Each structure stands twice: as structure tokens, then as C-alpha cells.
1. Please compute the contact order of the chain in relative form: average sequence separation of alpha-carbon pairs under 8 Å and at least six residues apart, divided by the residue count, as a percent.
2. Which whole-Hz couplings ³J(HN,Hα) result when phi for each residue of the stretch 149-155 is put into the Karplus expression 6.51 cos²θ - 1.76 cosθ + 1.60, θ = phi - 60°, listed in order with x for Gly and Pro?
3. Can you pull the percent of the chain's accessible area that's carbon plus sulfur, 1.4 Å probe, other chains left in place?
4. Among 203, 249, 89, whose mean-square fluctuation peaks in a Gaussian network model of the chain (Cα, cutoff 10 Å)?
5. Set Lys and Arg Cβ to +1 and Asp and Glu Cβ to -1, take the dipole of the stretch 126-251 about its Cα centre, and tell me which of 166, 133, 177 lies farthest positive.
6. Quick one: grab the alpha carbon gyration tensor of the stretch 217-293, order the square roots of its eigenvalues as a ≥ b ≥ c, and give me rounded if a/c is under 1.5, else prolate or oblate depending on whether a/b is larger than b/c.
7. Divide by every residue of the chain the summed helix terms, -39500 (n - 2.57) for each DSSP H run of at least 4, and state the resulting mean residue ellipticity at 222 nm, rounded to the nearest 500 deg cm²/dmol.
8. For helix 212-225, report the angle its Cα long axis makes with the longest principal axis of the Cα atoms of the chain; keep it between 0 and 90° and round to the nearest 10°.
Amino acid sequence: KIDHGQFYRTEYLKETVRQGGGLDENRNLTAQAMQRGWDCLARFGERLAGFSPGEVRAVATQTLREARNRDEFLQTGMRLLGFPIDVNSGREEARLIYQGVAQALPHTSERRLVVDIGGRSTEIILGQDVHSHSMESYRVGSVTWSMRYFADGQFTKRGFQMAEIAAQAVLDEALTLYAPAQWDVAYGSAGTVNAVVDVLAASGWPSGHVSQDGLDWLLDKLLAAQTADRLRIPGMREDRKAIIGGGLSILRALFSLLGINQLEQASGGLRHGLLLDLMGSTSQQTTDLRAQSIQRLAAKFGADPVHGKRVGQVAWHLFEQLHAAQEQDPVAWQQAGCTLAWAAQLLEIGSQISHSDYHKHGAYILDNTDSLGFDLTELHQLGLLVLGHRGKLRKLDADFEDSLFVQQLMVLRLAVALCHARR
């Protein structure tokens, strides 16, 4: 519910699927893991029936960033959910997390460090007020570390030592980016931090934050229990016991590495950042961020901005004629037009690698880059337009039943042909 520009939760549904535990040694989701995800999405799809596309945002994070068979999962998942599912890049996830955390905090000049420990990744962000300045995503998470160092549910001193050392090795470069001198207050968002705060508060520790003493106390409790099955601590949910070892070891590694003495609990996170985007509260900011990302990519790879703008203007002119000739969702049409203009600016980003196959290299760059403001699905769509703007179409692994994409591709190919003389 939105009231005076603020959102308020009226209902909350959650299922713990832990798909990250279902990646095999080849980084493919197992059949069982995919089925668990599909079953969950089908139930959510029933609840979301009747919502319009503009009212729903679904995103996937690290597990599907890694999964080699993610397209197979997503194809069925989107059909069951009834809405598109975007796969966020690590840095885009970090940006949205900070956006969600900042909306729940007062507007001050304090320099903030925000940490979010997820199942398979940890995001760390520096920011001030509502603006994030530096953000990274690291492949270390509570599920991954629990499977690797506490796979049999055994809590040992040796296991925690190994887990903390390994986490510090992955997070080591964060010390340069997020040194204590660069921030004033540290905040923790989402699962692991919330779980630790709940346990500490239930046992009499001050609520709302985590201290080093609290982490030491919790470690002693886990070592005393020896196994996850025997763990009995007030405030500890059953579904959290299997992954608390990995989460705690990462949290302790962060405290040690970044010199954190106290981590404040943040009420906002990724979900809240997505809601702000959905409400349009940050739409202009996101649009500007996307435009900057496109300009940065074009400049980095030496694309001609004048020619890119020329092709984009012709393509948009043709696209508007199609819009006038048929009924289309105006929001989707406007977004498709922006994508078209961005693709025109990026057509030649592969030209420094190869003159004859520059379109193939351009598509490869877009499929393997992180650009703030874009999720991986959107970057892949841009890559398809870049790949398909010349040559035969059978090289495109695209959905040619998508009439909007077909129209984008058609006008882009025509614009490239019409602007061939580059004048």
C-alpha cells in the first residue's frame, strides 16, 4: 500500500527454497533444485494472478548468476509465475540493497558501510544519504560456506578457523575499498545479520545491533552444541540452523577484516530497493544512471557517439511510425524505444577487436559486463540487438514470437542500412 509517497506492507509471503544448495559440481541446478523453485514460483503465481506487469518485480540473484542451465529454469519459472524474472548482476544487486537500506534511514551526512550476507554472495556498499558510491559483490555466502565447511552439521573450532580464513581470502580486496577511515557507521541487511540480531536479543543482548562480544558469545554456543541438530538457542529459527555456521564465520571475517566494532541492523534491503524502483521514486535517478552506463561503455570501447546517435534517431523515427499504426502498451513501448537508442550507441563496441565480426564481439561484451542500472536480462537483450543488427538472423538465439523485439530489430537493421554512408 502506498500512502503519501511511502510504501507500507499489508501482506508477506516467504518460502525458503535455498536453490544455492542445488548447484552441482558443473554449476548446473539439479532437477530437484529446479523443481523446488518451480513449485514455489507456481504458488506465488497463484497469489499474483490479476496483478498487472507494472505492479510486479521478480529478480534472481547469485545462484542464477552462476547456474549454467539458468535459461532452462527461467523459461519454465516465468511461465509458472506469470511475470518476467530478471537476473541481477552483483553490482546492480548491491546498488538496490543500498537504495533499500537508505530509504529506512534518516537523511544525514554520515558515511555508511552497508553489508548484506546472502546465501551465495555478500554485497558491500559505501554511500552517503541516498547515494551509493562504491559497491561490490563477493562470492561468499552463508549457504556456500555452510556446505563447504560445515557440510555434516558439525561445529568445530577447526571448521570455524578454516571458514573465517577462507572468507577473509575472498574478501581481502574489500579492505582497500572499504577501509575503516572511509565510513562512519556500519549497517547490516538481510538474512544472516537479522538472524544473529534475533538470537542475541532473545538472550538478553542489546537489540538492533551486533557487537564483537556478541559474535564471540554466539560462536561459543555453537561450539558447545557441537552439531546443528543439537543447537537450542532462543530466537534461532529451525530453517536457519543449517546455515548459521557459514553466516557467522563470514560475519566474523568481515568484523576482523574491516575493523567493524558494531554493526547496526538495517530494516531495508534488496526488496525495498526494488519497491522504490517499482514506485518510480528513483526512476529519473535510474534513467540517468543507465544513460551514464551506456556512455561509459561506448567511450571505453571506442564507439563513434555521433554515428550511434544518428542511427538511434533514424531507428526511433521508424519505431514511432509503427507505434502510430498499432495499439501498444505505452510504458513498454517507451522502454523499448530507450533500449533501441542504447543499442544504437553500442553497435560498434566490438570494432576494436574485429572489423568484420564486431557485432559478435559487441554482443559478447554485453553478455559479460556489469553495468549499473541494468540487470543481466536487459544486457542480454541489448546484446541480441547488437548481434542481430547485421548478417543472417539464424545466429540469434532469440524469441521471434516477441513482436516488440522483432520490431526493434527490424527498425535497427533498416536504420543501419540507411545510415551506411555515416552522414
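1. Working: 673 pairs, mean separation 63.2, N = 423.
The normalised contact order for the chain reaches 15 percent.
2. 10, 9, 4, 8, x, 8, 9
3. On the way: 10550 of 20880 Å².
Roughly 51 percent, rounded to a whole number.
4. 203
5. Of the listed residues, the answer is 166.
6. Working: a/c = 3.52, a/b = 2.25, b/c = 1.56.
Cα axes put the stretch 217-293 in the prolate bin.
7. Numbers: 18 runs with 226 residues, N = 423.
Rounded to the nearest 500, it is -17000 deg cm²/dmol.
8. For helix 212-225, the angle is close to 70 degrees.
The values are calculated or read from the model by the stated rules, or taken from the named source; none is laboratory data. Since the structure is predicted, the reported quantities are computational estimates derived from the model, not experimental observations. Methodologically, a virtual Cβ is constructed for each residue, glycine included, from the backbone with ideal geometry; neighbour enumeration extends over all protein chains shown. Note: areas computed on protein heavy atoms with side chains; ligands, DNA, RNA excluded. Shrake-Rupley method; radii C 1.70, N 1.55, O 1.52, S 1.80 Å.
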